[in-house]
Amino acid sequence: MRVIRYDREYSRRQFLGGLARGAATAGVLMPLWDAVAKDGDVTRAYPEELLSIENWSKGKLKAGDEITAANVELVKDLLEPIKYYQVAKMGRRLRIAPTTTDIMRLSPWEYLEASLKNRGQAQFDKTGNVVTAQGKPWIGGNPFPDAKTGLELFASLTLSWGRHDASMYAIKEYDIGLSGEIDFRYELGWAELSPVARVSLEPKPYWTGKEDKLRYQSVFFVKPDAVNGTSYLNIWPYDQNRFPELYGYLPEFKRIRQFPTDQRFEPLIPGSTLYLSDAWAAGDPLHTWGNYKVVGRGPLLAGVSGGWSAAHPNWEHRTHGGPKGLSFWDTTVELVPEAIIVEAEPVKFPRAPVSKKRVWFDARTGLPVGMVTYDRRGEPYHSFDAAFSLYEAGGKSVMDGKHPYWSWSHVHAFNIQTSQMTRLEQVREIAGGHRSSANDPGLYERYLTNAALMRLGRA
């Protein structure tokens with residue numbers, strides 16, 4: 001019999017103690033990013049019982065097992081409340097993988113290198129924006145890898161959603177109604193480009209002359225015909241006290257229109273439960289939300305690896321659960337040694353349908369692995385949970401320069417009050433020849449200008 005040096009109560013006491021002190025610094029046995037700085041391995045920072053579901057469950061579960069309604073009570077404390085409900089009541093299943101201890105497999109390589117190189121150089125200026133010690137825009141990577149507050153965790157996430165300098169995601173979306181049938185199917189592209197904090201694209205760290213911009217982001221639809229050509233462009237200022245500029249091209253009007261940018265809690269297309277505000281669990285400027293506070297710490301089961309569907313030529317995923325077996329993606333989860341739960345309130349949205357949101361961050365990387373929003377009565381309303389992956393499996397890989405591509409693989413956006421589900425998956429290619437890619441300098445001209453919106457709308 002193997003003796004475990006630290007039991008679950010030891011870790012629980014450490015997490016509660018840190019929470020009581022108002023600190024969110026990651027790590028139990030030592031500061032997490034001190035361990036990462038040595039060799040990229042998180043093992044030194046956590047006791048054995050947080051590095052293995054078998055140790056955590058005292059042998060009742062192991063890697064390769066599946067969590068179902070029959071055994072979900074064993075791990076109720078390791079799931080966000082809506083994910084627990086989906087497993088317990090709706091037939092969702094979760095396949096368990098071993099815990100990833102090599103942090104370089106949990107985000108883009110260059111992003112993590114920059115996080116280590118630039119560690120300790122970030123601060124907030126008097127307007128609440130992240131800057132260097134010289135007062136310049138951020139220079140790359142996670143500005144607060146060893147974040148101590150909820151604000152720091154959200155600031156890092158808002159600065160760089162996909163963690164690449166530029167990304168194009170080819171996406172298939174499926175909207176499922178109460179009956180369990182697919183009511184709407186869409187094919188769309190989502191493009192992002194960062195003018196600042198660049199770690200791969202030249203010039204870096206800033207795109208000369210555009211240092212006052214944080215992000216260019218667009219979404220465009222190619223299927224079905226009813227929405228083909230509809231597209232939107234967000235241009236984010238670096239100042240996180242200001243809303244983005246939002247432009248749209250609607251084929252029926254054959255022109256670009258500017259839209260109110262604070263209406264971020266409405267679906268862009270019929271049937272969808274996904275809002276602009278939901279993107280990466282931080283779809284709004286940092287200071288349009290407020291009262292950020294850490295409300296919990298502890299282990300979590302989350303989809304941070306194994307999400308790429310390498311067996312399918314277009315990376316498409318299988319489904320299960322719900323009335324028709326179509327409600328949930330087949331999902332791989334692993335024991336995340338430490339998640340930090342941050343609560344925030346929408347302070348600049350007087351008509352927001354939500355009163356607050358809670359986001360679960362993987363403490364190792366600052367990735368948002370789950371979100372639950374609450375309505376104005378304080379009842380659970382909407383959830384957002386994503387699966388991520390290094391695109392390397394079964395002897396296959398998708399390369400991003402010198403290293404395998406890392407990105408999100410699929411998303412669930414679920415309205416628990418109506419039982420409507422939106423499923424999204426990143427695929428290799430959608431109609432029109434639009435392909436998923438990273439750090440392609442041509443993405444700006446193809447997808448991220450008003451001229452690009454018009455060209456896409458007329459294609």
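The values are calculated or read from the model by the stated rules, or taken from the named source; none is laboratory data. No experiment lies behind these values; they were computed from the predicted model shown. When we count neighbours, we look across all protein chains shown, and the Cβ atoms used for this are built from the backbone with ideal geometry, even at glycine. Calculation scope for accessible area: heavy atoms of the full protein, side chains included, ligands and nucleic acids excluded. Shrake-Rupley method; radii C 1.70, N 1.55, O 1.52, S 1.80 Å.
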The Cα extents of the chain along the principal axes, largest first and rounded to whole Å, are 70, 57, 50
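Could you give the length gained by full extension between MET30 and GLU73, i.e. 0.36 nm per residue of separation minus their alpha carbon distance, to one decimal place?
Numbers: separation 43, 0.36 × 43 = 15.48 nm, distance 3.08 nm.
So the chain would gain 12.4 nm between MET30 and GLU73.
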Choose one of PRO380, THR331, ALA69: the residue whose Cα lies farthest towards the positive end of the charge dipole of the chain (beta-carbon charges +1 Lys, Arg; -1 Asp, Glu; about the Cα centre). PRO380
So how strong a dipole does the range 46-146 carry about its Cα centre when Lys and Arg Cβ are +1 and Asp and Glu Cβ are -1, to the nearest 20 debye? 300 debye
Positive-end residue of GLN417, GLY432, THR449, charge dipole of the range 412-459 with Cβ unit charges: GLY432
For the ranges 221-228, 331-338, 409-416, what's the packing order if you count other beta-carbon atoms within 10 Å of each residue, average per peptide, and put the highest first? 331-338, 409-416, 221-228
Cβ-placed point charges (K, R +1; D, E -1), dipole of the range 100-257 about Cα centre in debye, nearest 20: 440 debye
Mean Cβ neighbour count within 10 Å, used as a protection proxy, ranking 376-389, 111-124 highest first: 376-389, 111-124
What number comes out for accessible area per residue over the chain if the probe is 1.4 Å? Units Å², please. 40 Å²
Please find the FRET efficiency linking GLN258 to LYS396, where r is the Cβ-Cβ separation and R0 is fixed at 51 Å, and quote it to the nearest 0.05. 0.70
Given the DSSP H assignment, sum -39500 (n - 2.57) over each helix run of at least 4 residues in the chain and divide by its residue total; what's the result at 222 nm in deg cm²/dmol, nearest 500? -4000 deg cm²/dmol
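Could you work out the Kirkwood radius for the range 381-459, taking every pair of different alpha carbons, averaging 1/r and inverting it, reported in Å?
Numbers: mean 1/r = 0.0653 Å⁻¹.
In the range 381-459 this quantity evaluates to 15.3 Å.
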When we measure straight from the Cα of LYS38, which lysines land under 18 angstrom away, once same-chain ones fewer than 8 places off are left out? LYS117
Given a cut-off of under 8 Å on Cα pairs at least six residues apart, what relative contact order in percent is computed for the range 313-459? 16 percent
Report the FRET efficiency, 1/(1 + (r/R0)^6), for LYS210 and LEU326, where r is their Cβ-Cβ distance and R0 is 41 Å, rounded to 0.05. 0.45
Listed pairs LYS89/LYS348; LYS58/LYS89; LYS83/LYS293; LYS60/LYS89; LYS204/LYS356; LYS83/LYS402 exceeding 31 Å between Cα atoms: LYS89/LYS348; LYS204/LYS356; LYS83/LYS402
Apply the Karplus curve 6.51 cos²θ - 1.76 cosθ + 1.60, θ = phi - 60°, to the phi angles in the range 47-60 and return the couplings in whole Hz, x for Gly and Pro. x, 4, 5, 9, 10, 7, 5, 5, 5, 4, 8, 6, x, 6
Ordering of 62-70, 282-290 by packing [mean C-beta count within 10 Å, highest first]: 282-290, 62-70
Could I have the simple spin-label model distance between THR132 and ASP375, label points 7 Å from Cα toward Cβ, reported in nm to one decimal? 4.9 nm
If you rank GLU252, GLU80, GLU152 by how much accessible surface each has, with a 1.4 Å probe, what is the order from largest down? GLU252, GLU152, GLU80
Amide hydrogen neighbours beyond the local backbone of LYS356, cut-off 5 Å, H modeled: TYR374
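Assign unit charges at the C-beta atoms only (+1 for Lys and Arg, -1 for Asp and Glu), then state the dipole size of the chain relative to its Cα centre in Debye, rounded to the nearest 20. Could you put the intermediate results ahead of the total?
Numbers: 57 positive and 53 negative charges, 78 e Å.
The calculated dipole for the chain is roughly 380 debye.
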Relative contact order (percent) for the range 261-339, with alpha-carbon contacts under 8 angstrom and 6 or more residues of separation? 26 percent
